[in-house]
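**Q** Structure below; questions to follow.
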Amino acid sequence: MSKQDPQRFLKYLEAERKASMLYRSLAEASDGERREALLELADIEDEHAAHWVAKLEEYVRGSVVVLAFISKGYFLSANCQRELKAAIDADPES
(Lines give C-alpha, C1' and ligand atoms only; values in the text may rest on other atoms or scores of the structure.)
Protein backbone atom coordinates (compact mmCIF):
# COMPACT_ATOMS: atom_id res chain seq x y z
CA MET A 1 0.00 0.00 0.00
CA SER A 2 1.16 3.52 -0.68
CA LYS A 3 1.28 6.50 1.66
CA GLN A 4 -1.61 8.07 -0.27
CA ASP A 5 -3.93 5.10 0.30
CA PRO A 6 -5.34 6.21 3.70
CA GLN A 7 -6.35 9.61 2.32
CA ARG A 8 -7.95 7.94 -0.70
CA PHE A 9 -9.74 5.39 1.49
CA LEU A 10 -11.06 8.17 3.76
CA LYS A 11 -12.28 10.13 0.74
CA TYR A 12 -14.16 7.11 -0.61
CA LEU A 13 -15.52 6.27 2.85
CA GLU A 14 -16.88 9.79 3.26
CA ALA A 15 -18.51 9.66 -0.18
CA GLU A 16 -20.19 6.31 0.56
CA ARG A 17 -21.51 7.56 3.91
CA LYS A 18 -22.85 10.77 2.36
CA ALA A 19 -24.58 8.80 -0.40
CA SER A 20 -26.16 6.49 2.18
CA MET A 21 -27.44 9.47 4.18
CA LEU A 22 -28.84 11.06 1.03
CA TYR A 23 -30.68 7.88 -0.01
CA ARG A 24 -32.11 7.49 3.50
CA SER A 25 -33.29 11.11 3.52
CA LEU A 26 -34.94 10.67 0.14
CA ALA A 27 -36.54 7.44 1.36
CA GLU A 28 -38.10 9.27 4.30
CA ALA A 29 -39.89 11.55 1.83
CA SER A 30 -40.99 8.66 -0.37
CA ASP A 31 -43.26 5.68 -0.13
CA GLY A 32 -43.90 2.34 -1.77
CA GLU A 33 -41.44 0.87 -4.25
CA ARG A 34 -39.47 4.11 -4.52
CA ARG A 35 -38.89 4.11 -0.75
CA GLU A 36 -37.80 0.47 -0.79
CA ALA A 37 -35.43 1.08 -3.71
CA LEU A 38 -33.85 4.06 -1.97
CA LEU A 39 -33.37 2.08 1.23
CA GLU A 40 -31.74 -0.73 -0.76
CA LEU A 41 -29.37 1.79 -2.33
CA ALA A 42 -28.54 3.16 1.12
CA ASP A 43 -27.76 -0.37 2.32
CA ILE A 44 -25.49 -0.91 -0.67
CA GLU A 45 -23.63 2.32 0.13
CA ASP A 46 -23.27 1.12 3.74
CA GLU A 47 -21.69 -2.10 2.44
CA HIS A 48 -19.30 -0.05 0.31
CA ALA A 49 -18.43 2.08 3.37
CA ALA A 50 -17.68 -1.09 5.34
CA HIS A 51 -15.24 -2.10 2.59
CA TRP A 52 -13.29 1.16 3.01
CA VAL A 53 -13.31 0.82 6.79
CA ALA A 54 -11.79 -2.66 6.37
CA LYS A 55 -9.13 -1.24 4.02
CA LEU A 56 -8.23 1.42 6.62
CA GLU A 57 -8.01 -1.22 9.35
CA GLU A 58 -5.77 -3.30 7.09
CA TYR A 59 -3.52 -0.29 6.58
CA VAL A 60 -3.32 0.31 10.34
CA ARG A 61 -2.49 -3.36 11.00
CA GLY A 62 0.32 -3.14 8.43
CA SER A 63 1.85 -0.04 10.01
CA VAL A 64 5.07 -0.29 12.00
CA VAL A 65 4.06 2.50 14.38
CA VAL A 66 0.62 3.90 15.18
CA LEU A 67 0.31 7.09 17.19
CA ALA A 68 -3.05 7.86 18.75
CA PHE A 69 -3.66 11.54 19.43
CA ILE A 70 -6.29 11.38 22.13
CA SER A 71 -8.67 14.32 21.98
CA LYS A 72 -11.77 15.09 24.01
CA GLY A 73 -14.06 13.12 21.69
CA TYR A 74 -11.57 10.46 20.58
CA PHE A 75 -13.27 7.51 22.28
CA LEU A 76 -16.69 8.68 21.08
CA SER A 77 -15.61 8.24 17.47
CA ALA A 78 -16.37 4.80 16.03
CA ASN A 79 -13.59 5.26 13.47
CA CYS A 80 -11.01 6.11 16.14
CA GLN A 81 -12.09 3.11 18.21
CA ARG A 82 -11.74 0.80 15.18
CA GLU A 83 -8.30 2.18 14.32
CA LEU A 84 -7.08 1.78 17.89
CA LYS A 85 -8.48 -1.77 18.10
CA ALA A 86 -6.83 -2.67 14.79
CA ALA A 87 -3.49 -1.34 16.07
CA ILE A 88 -3.79 -3.27 19.35
CA ASP A 89 -4.91 -6.45 17.60
CA ALA A 90 -1.91 -6.21 15.26
CA ASP A 91 0.53 -6.22 18.18
CA PRO A 92 -1.12 -7.08 21.51
CA GLU A 93 2.29 -7.15 23.24
CA SER A 94 2.88 -3.42 22.77
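The values are calculated or read from the model by the stated rules, or taken from the named source; none is laboratory data. Every value quoted in this text rests on a predicted model; they were computed, and no experiment measured them. No Cβ is skipped: glycine too gets one built from the backbone with ideal geometry, and neighbour counts run over all protein chains shown.
**Q** Which of the residues that make up the stretch 62-86 are surrounded by 12 or more Cβ atoms within 10 Å (Cβ to Cβ), more than 17 Å from residue 5 (Cα to Cα) and charged (D, E, K, R)?
**A** 82, 85
**Q** Quick check: is even one residue across the stretch 69-76 of a type in the set (Val, Ile, Thr), assigned to a helix (DSSP H, G or I) and free of Cβ contacts under 8 Å to residues at least 60 places away in the same chain? Break it down into steps so the answer makes sense when it comes.
**A** Restricting attention to the stretch 69-76, the residues satisfying the condition of being of a type in the set (Val, Ile, Thr) are 70.
Adding the requirement that they be assigned to a helix (DSSP H, G or I) leaves none.
No, the conditions are met nowhere in the stretch 69-76.
**Q** Then there is this: Is it the case that residue 58 is surrounded by 12 or more Cβ atoms within 10 Å (Cβ to Cβ) and under 19 Å from residue 8 (Cβ atoms)? Write out each step before concluding.
**A** Values: surrounded by 12 or more Cβ atoms within 10 Å (Cβ to Cβ): yes; under 19 Å from residue 8 (Cβ atoms): yes.
So residue 58 passes the test.
**Q** Do we find a residue being loosely packed, with under 12 Cβ neighbours inside 10 Å, at pLDDT 95 or above and not in a helix (DSSP H, G or I) anywhere in the stretch 8-30?
**A** So far as the stretch 8-30 goes, yes, one or more of its residues are loosely packed, with under 12 Cβ neighbours inside 10 Å, at pLDDT 95 or above and not in a helix (DSSP H, G or I).
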